[in-house]
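Report on one structure; see the data block that follows.
The values are calculated or read from the model by the stated rules, or taken from the named source; none is laboratory data. For clarity, every value in this text was computed on a predicted model and none was experimentally measured. No Cβ is skipped: glycine too gets one built from the backbone with ideal geometry, and neighbour counts run over all protein chains shown. The protein model used for the area step is the full one, side chains on, heavy atoms only, and it has no ligands, DNA or RNA in it. Shrake-Rupley method; radii C 1.70, N 1.55, O 1.52, S 1.80 Å.
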Amino acid sequence: MSDNFETIAIRTQTERSLHKEHSAPIYLTSSYKFDDAEEMRALFPNEKERNLYSRYSNPNTSEFIEKMALLEGAEDGFATATGMAAIFTTFGTFLKSGDHILSSRSVFGSTHQLLTNVFAKWGVTFDYADLDKPKDWEGLIKPNTKIIFVETPSNPGIDIIDLAFLGKLAKKHNTLLVVDNCFATPYLQQPIKLGAHISIHSATKYIDGQGRALGGVILGSKALITEVVAFARHSGPALSPFNAWLLSKSLETLAVRMDRHCENALKVAAYLEEHTKSKSVKYPFLPSHPQYEIAKKQMKQGGGIVTIVVNGGIEGARKFMDGLKMFSISANLADTKSIATHPATSTHSKLSEEERNIVGIEQGSIRLSIGLEHIDDILKDIEQALS
């Protein structure tokens, strides 16, 4: 097999059946037939490895996991029904009452809810640290810190932290480093190669890339994923075979899609940075980004998300969003279609205004997911909405 990303994504495929199909079929089966009673017995204690039940494994999910592990530089993985199921399953596997999480402050709204409401009820405590203040992180690690969790680039602030630095910190304190790699994808960033123990994706986003399917994946060493699987087999967050098939096929075009997303996004960011009605712009590969040098070091390109703050606060944001004609107004991102989201009133509305301000989510903040339309049409729509 080639070492090249594109070839791995296209040519990794589950074993062909007797029909010699060129494209992997969809295995819509909940269960599997055993040759005899002894084989059935041997499969349950894992004395033999084979598909047993599709909540555990399925040829389609296995193909998707194998591809993602190869592309990310991981040994193994487990596929889940959603990205949030991947985060919950990871936390649920490795945390117990009395444990502590050190998390980046800028996290997705539902992740914030897990930390503040769900795991807090079960005796798990947490502290937030700022991505732009790496010197503060070590002082927040406690004897009971089990996980360091981080989004980089963050949603929606596009903040970045040095993953190699965090990898060394996690090793020093014997903690797990878990990275939400959703915005970057394995094409742009590979956290495990930089010292992370687990990399998580919401496959709903760029992995699918067309707004069709929900999914998630947890990637790491075989030893860690064995623990994840033991938890997930009983909690049941399994990805459906159809979605696994769809996501695996989508990986075949991930590289070419991300190249265009990044090309368009950089042009949009550069354009907005010069616009008089744009209060500020954040994009990893803009030299004005506070962590530009880190982004250049650990990312191949800057990704497809641009965050802007328009003048006029929430009214200015509403005017801009309502003025868009081609962009979709949606809570999703990473689609072929360009999307605008107002985080303060949607994805991050459960945070208090003070919490949003700390992570840079102002009332005038808008997250732009730059799609694959022609760049002239994207810029034209933004220009007329700002006018």
| query | To the nearest 10 square angstrom, what accessible area does Arg260 show with a 1.4 Å probe? | reply | 110 Å²
| task | Can you send over the solvent-accessible area of Leu28, 1.4 Å probe, protein chains only, in Å² to the nearest 10? | result | 130 Å²
| note | The Rg/Rh figure for region 259-387, Cα atoms and Kirkwood Rh, to two decimals is 0.94
| message | Helix-only mean residue ellipticity at 222 nm, the chain, DSSP H runs n ≥ 4 weighted -39,500 (n - 2.57), per residue, nearest 500. What is it? | response | -10500 deg cm²/dmol
| said: Test of understanding: in a Gaussian network model of the chain with alpha carbons linked when under 10 Å, which of Lys171, Lys48, Lys249 would top the mean-square fluctuation ranking? | reply: Lys48
| What percent do you get for the relative contact order of the chain when only Cα pairs under 8 Å and 6+ apart count? | 17 percent
| request: Using only Cα atoms, find the angle between the long axis of helix 375-386 and the longest principal axis of the chain, and express it within 0 to 90 degrees, rounded to the nearest 10. | output: 50 degrees
| task | Report in % the part of the accessible area of region 294-353 that belongs to carbon and sulfur, leaving out ligands and nucleic acids; probe 1.4 Å. | result | 52 percent
| query | Using alpha carbons only, how many degrees (0 to 90, rounded to 10) separate the axis of helix 241-250 from the longest principal axis of the chain? | reply | 50 degrees
| task | Among Ser330, Ser369, Ser199, determine the one that fluctuates most according to a GNM of the chain built with springs between C-alpha atoms less than 10 Å apart. | result | Ser330
| request: Consider the candidate values (i) 29, 59, 12, 0; (ii) 28, 56, 15, 1; (iii) 24, 45, 25, 6, 0; state which one is P(r) over Cα pairs in 20 Å bins from 0, in percent computed from the structure displayed. | output: (ii)
| field | Compactness of region 141-196 - radius of gyration and Dmax, Cα, Å | value | 11.3, 35
| message | As I understand it, the value is the acute angle between the Cα axis of helix 222-235 and the longest principal axis of the Cα atoms of the chain; what does it come to in degrees, rounded to 10? | response | 90 degrees
| request: Just the number, please: carbon plus sulfur as a percent of the accessible area of region 240-290, 1.4 Å probe, no ligands or DNA/RNA counted. | output: 59 percent
| Any idea of the accessible area per residue across region 293-387, 1.4 Å probe, to the nearest Å²? | 43 Å²
| query | To the nearest 20 debye, what is the magnitude of the charge dipole of the chain about its Cα centre, counting +1 on the Cβ of each Lys and Arg and -1 on the Cβ of each Asp and Glu? | reply | 320 debye
| note | In nm², the average projected area of the convex hull spanned by the Cα atoms of region 215-302 is 8.9 nm²
| remark: Semi-axes (Å, rounded, descending) of the ellipsoid equivalent to region 176-230 per its C-alpha gyration tensor are 21, 14, 7
| Within the accessible area of region 79-125, what % is carbon and sulfur when the probe is 1.4 Å and the other protein chains stay in place? | 60 percent
| query | By DSSP, what percent of the beta bridges with both residues in region 161-262 are antiparallel, rounded to the nearest 5? | reply | 60 percent
| message | Please report the antiparallel percentage of DSSP beta bridges with both residues in the chain, rounded to the nearest 5. | response | 55 percent
| request: Heads up, I need the accessible area for Glu47: 1.4 angstrom probe, whole protein in place, Å², nearest 10. | output: 110 Å²
